[in-house]
Structures are given as structure tokens and as C-alpha cells.
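The values are calculated or read from the model by the stated rules, or taken from the named source; none is laboratory data. For clarity, every value in this text was computed on a predicted model and none was experimentally measured. Positions of Cβ are backbone-derived with ideal geometry, glycine not excepted, and every protein chain shown enters the neighbour counts. SASA here: full protein model, heavy atoms, side chains in, ligands and nucleic acids out. Shrake-Rupley method; radii C 1.70, N 1.55, O 1.52, S 1.80 Å.
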Amino acid sequence: MNTLSRLRLGINIDHVATVRNARGGDTPDPARAAKLAQAAGADGITAHLREDRRHITDSDIEAILDVIDIPLNFEMAATDEMQQIALRHKPHAVCIVPEKREERTTEGGLEVAREANRIAHFIAPLKDAGCRVSIFIAAERRQIEAAAQIGAPVVELHAGAYCDALAEGRVEDRDREFAKLKDMATLALDLGWEVQAGHGITFDSVKPIAALPEVMELNIGHFLIGEAIFSGLDSSIRRMRALMDEARQEASGVSVA
Ligand code: PXP
């Protein structure tokens, strides 16, 4: 029998800021959401400071750091400006993501296969500053293999293709994307990384991903913030946590360590 370790849950609070910014005032407050997420059992808070500041702002990052005791996973593009901000705050973790102004969300993973050298240089000072650096990549063999040249200790696999196929009832795509996630999680772990997953995860898609023994952390945002409209943030996070624990238990046949 195989006891799976407890899966960490990172809560992404970006879209609390999206709602606030729709009116330009102070509410709802992302720092309040971060504190509430911590009380509901989140193991970490994720916030993406985008170049265009369309949701999280610089002062949100400061406010979040002031109110939470759990780690902040600071999501950012590989730009000089973001590097300076990260070096000023020295968050527990930094997740490097691709960013395009015209996209609605982080649509794909980093093109590590093409940019390995630049990203390796870019993350070096962040690692020196003590940040745990992860890179967000598609579950593709060529990206995982290229990631070996970068020297980041963590990879976060983009779960969006699987989650979207499941939500849209595209069964063949769903199965193919899930097989890719599973195989690439195994490969990444074999290559020595901590493996995380995120993007597009819902109550319906969380369990198969949470059951993958290689995965140590899930980062979930949009669905939970949306669900909070109906059941509250506390309740939606607790439900996600319970589904993750159930999946781990069912996969190992024993209680979660
Ligand atoms: N992980 C990363 C690297 C992301 O960019 C995002 C979206 O900002 C998430 C996780 C969370 O995705 P979602 O909001 O779809 O749950």
C-alpha cells in the first residue's frame, strides 16, 4: 500500500482584484480574501502581478504579505521590472509565467525549449535571494526536457488543456491530455523536480489530478472565486480541500499522511 503525502493547496486570489477593479474602488479586497483563504486551510496564496496591473496591483502584494502567515507564491513574467519587485519582497516562491497583453489569462506555458538560456540567467538572482522558483510549462516532453537546463527546483504543469476538455465533454482530448499530465509529472519527478499543477481546475477536474502521486501542490483561483459568489470563499476552499484529500485517500487506500 502506498501512502501519498498531503497535497498542498495554493489559492490564487487574482480575480478578487478583477472584481474590485471593475468599479475602481477598494472592494472586494484581495488581502482580505488571502486572510480568509488562510483560515479556510490554504497552504499558500498565489498572486500574479501582471505587467498591465489588470488585477493585482503593487500595493495588493504589500497588503497580502502584511496579513498572511502562509507562503506567498508570486507569479510574474520574466521581465526586469518584475525581477526587481520580487527581489524587493523576497516572497517564499516565485512562479515564472509567460505573459501576453492580449490574452485573457495565462494561455500556455513558458516556451522553455526556446528560452532556456535567458530564463536560467533570469532566475539566478531570485534563487540567490532565497525564493523557491518554479516555471509554468505545458505538459510536453520537449518543455520538460528543456527545463532541465534552467535550474529551477519546481515545475508547475499547465492543467488547462485537460480541464477544458473535461468541461467541454471532449472525451478523447480529455483522456489524451490527462495521459500527458500523468506522464510528464512522472518524467519531471524522475528528473528531480518538485511537481505542481494548476490552471482551470474545478470541483469536477480536481480529483484525477490530485490523485497523481508525483504532484505536490495545486494552484487554483478562478473557479473558486466564482464559486464563492454562490457558497462563500470559505466553503468553496474547504470543499476543494476535501476533494483533494478524498482523491489522495482513494489513490493510496489509506488516510493522508
Ligand atoms: N497557476 C498558474 C501558473 C496560473 O497562471 C494560474 C492562473 O493565473 C493558476 C495557477 C490558477 O488558474 P485558475 O485561475 O484557472 O485556477
Completion exercise
If exposed means GluC sites (Glu not before Pro) lying in a DSSP loop and surrounded by at most 15 other beta carbons within 10 Å, then the longest stretch of the chain lacking such sites spans residues 169-257
Exercise for the section: Taking only the C-alpha atoms, wrap a convex hull around segment 136-257 and report its volume per residue in Å³ as a whole number. Expected result: 107 Å³
Problem - Surface accessible to a 1.4 Å probe, per residue, for the residues of segment 1-70, Å² - result: 47 Å²
Handout entry: Kirkwood-Stokes translational diffusion coefficient of segment 52-141, alpha-carbon pairs, 10 °C, 1.306 mPa s, µm²/s
Key = 114 µm²/s
Handout entry: Close Lys-Lys pairs in the chain, where close means Cα under 25 Å and separation is 8 or more or interchain
Key = 7
Handout entry: Rg and Dmax [Cα atoms of the chain; Å; Rg one decimal, Dmax integer]
Key = 17.3, 53
Fill in the blank from the handout: For segment 1-153, the percent of accessible surface on carbon and sulfur atoms (probe 1.4 angstrom, ligands and nucleic acids excluded) is 47 percent
Problem - segment 129-217: trypsin sites (Lys or Arg not before Pro) in DSSP coil with no more than 16 other Cβ atoms inside 10 Å - result: 170
Exercise for the section: Net charge near residue 14: determine it from the other residues with C-beta under 10 Å of the C-beta of residue 14, scoring Lys and Arg +1 and Asp and Glu -1. Expected result: 0
Problem - Where segment 74-212 is the region considered: accessible area per residue in Å², 1.4 Å probe - result: 46 Å²
Fill in the blank from the handout: With label points set 7 Å from each Cα along the Cα-to-Cβ direction at residue 190 and residue 142, the distance between them in nm comes to 2.0 nm
Problem - segment 204-257 versus segment 155-176: alpha-carbon centroid distance in Å - result: 16 Å
Handout entry: Cβ charges +1 (Lys, Arg) and -1 (Asp, Glu), total dipole of segment 180-257, debye
Key = 140 debye
